[in-house]
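To start, the structure itself, in structure tokens.
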């Protein structure tokens, strides 16, 4: 028997500094990644393997917000003030994932352009106590 599950984007939540973000742009609206591997293997000349555990707990969550959304101003304010905040992404659904941490900052204000269509603004958020469960 084949297993199946349903993903519903309306069940996804992104909470930044206590605020539920909305107005995500099309495409990869939210992405995340740990910045460094958990360990680094090293092989000696005789084939012995040594493992160095990495203690780096920094990760990056990127959100893509529609141009003109109030969320753009909110995230730009966080970037410009250098405020630390909590961020949590919950994918929702049957097999939900929870990604984030309690100490994060917006890396910088996003690039921008004006075109004949509604654009988007990409915000990179560095999470200093990144967890992905």
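Please give the number of the condition residue 34 fails out of (1) loosely packed, with under 12 Cβ neighbours inside 10 Å; (2) in contact with a strand residue (DSSP E or B) (Cβ under 6 Å, 6 or more places away or on another chain); (3) closer than 23 Å to residue 123 by Cβ.
For residue 34, the failing item is (1).
What residue, of 94, 71, is at negative phi, modelled with pLDDT of 95 or more and over 13 Å from the mean Cα position of the chain (by Cα)? Step through it out loud before you land on a result.
Numbers: 94 fails: modelled with pLDDT of 95 or more.
Within the list 94, 71, the selection yields 71.
So how many residues does region 11-25 have that are out of contact with any strand residue (DSSP E or B) (no Cβ under 7 Å at 6 or more places or on another chain) and free of Cβ contacts under 8 Å to residues at least 40 places away in the same chain?
0
Quickly run through region 75-105 and pick out the residues that are without any contact (Cβ under 8 Å) to a residue 60 or more places away in the chain, surrounded by 15 or more Cβ atoms within 10 Å (Cβ to Cβ) and more than 11 Å from residue 127 (Cβ to Cβ).
75, 76, 79
Taking the condition of being closer than 18 Å to residue 23 by Cβ and without any contact (Cβ under 8 Å) to a residue 40 or more places away in the chain, how many residues in region 114-124 meet it?
Total meeting the criteria: 3.
The values are calculated or read from the model by the stated rules, or taken from the named source; none is laboratory data. Quick caveat: nothing in here was measured; it's all calculated off a predicted structure. Note that each Cβ is placed from the backbone with ideal geometry, even for glycine, and that neighbours are counted across all protein chains shown.
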